[in-house]
Amino acid sequence: MLILFILFFLVVFVIIPIGLGISIYKLLRRNNKQKSANYFAIIYTSVLILVAINLIFEDELFTKSDAENLVTEQHIFLKDDFKLTENKSMSAVGDYYHTFTLEISTGDKERAINKIKTSSGFKIQGEKITDYLYENVNRYKGPTKIQNYETKDSFVREYFKPNGKGYAPTFRRISIDKLKNQLVFEDMDE
């Protein structure tokens, strides 16, 4: 099974893009467009290299600004400076998981907790929580759902958005630790 996956990866992400580039380059040269062929080769190779670098160094290229944008999408606003303490992403065929941890100020922590606690439908510790990622009968159609609740250790905001048949739904969770000034963001596409 691993060998099939490696072969699939090589064909789709290495052989096809390189073969396509070589074919277009040769076609341009055959039609006496040497200058266009050279420009194409430089641009196409640059794009392939940039894509490869982005895939290989995705975690290293992730910035505080990227983290802030993802948190802001969930209407949690960080007004004070914060520190990105951890960032990890993993992917496999059909699955993607990204998580990061931020050290935030006491003021931002209090604002975030207040935002979660005052949201419509907030559930206190012990109330039934819906697991949108796994309990949802129809994961591909329907409205976007936001759920806010309290656990023993944290205050949580979950965001679930179906993306249509054949596409993984968007599922994001923000947890604000009760004891530490820490925000954990998780993005799961399964």
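Please treat every number below as a calculation from the coordinates, not as lab data. Computed from a prediction, not measured in an experiment: that's the story for all the values here. Heads up, the Cβs are rebuilt from the backbone with ideal geometry, glycines too, and the neighbour counts pull from every protein chain shown.
A few notes on this one:
- The loop-placed chymotrypsin sites (Phe, Trp or Tyr not before Pro) in region 28-134, going by DSSP, that have at most 12 neighbouring Cβ atoms within 10 Å of their Cβ come out as PHE57, PHE77.
- Calculated translational diffusion coefficient of region 2-56 (10 °C, 1.306 mPa s; Stokes-Einstein with Kirkwood radius over alpha-carbon pairs) equals 129 µm²/s.
- Helix 16-30 and the longest principal axis of the C-alpha atoms of the chain enclose an angle of approximately 40°.
- Where a label projected 7 Å from the Cα of THR85 along Cα→Cβ would reach, residues of region 167-190 with amide N under 19 Å: 173-187
- The chain: most fluctuating residue of ASN54, ASN31, ASN163 per GNM, C-alpha cutoff 10 Å: ASN31
- Scanning the chain for trypsin sites (Lys or Arg not before Pro) in DSSP loops with at most 16 neighbouring Cβ atoms within 10 Å leaves 80-127 as the longest stretch between them.
- Whole-Å semi-axes of the chain's equivalent ellipsoid (Cα gyration tensor): 43, 21, 14
- The chain: antiparallel DSSP beta bridges as a percent of all, rounded to 5: 95 percent
- Rounded to 10°, Cα long-axis angle of helix 64-73 versus longest principal axis of the chain: 60 degrees
- Kirkwood Rh (inverse of mean 1/r, distinct Cα pairs), region 1-103, angstrom: 17.2 Å
- Fewest neighbouring Cβ atoms within 10 Å first, the residues LEU4, LEU20 line up as LEU4, LEU20.
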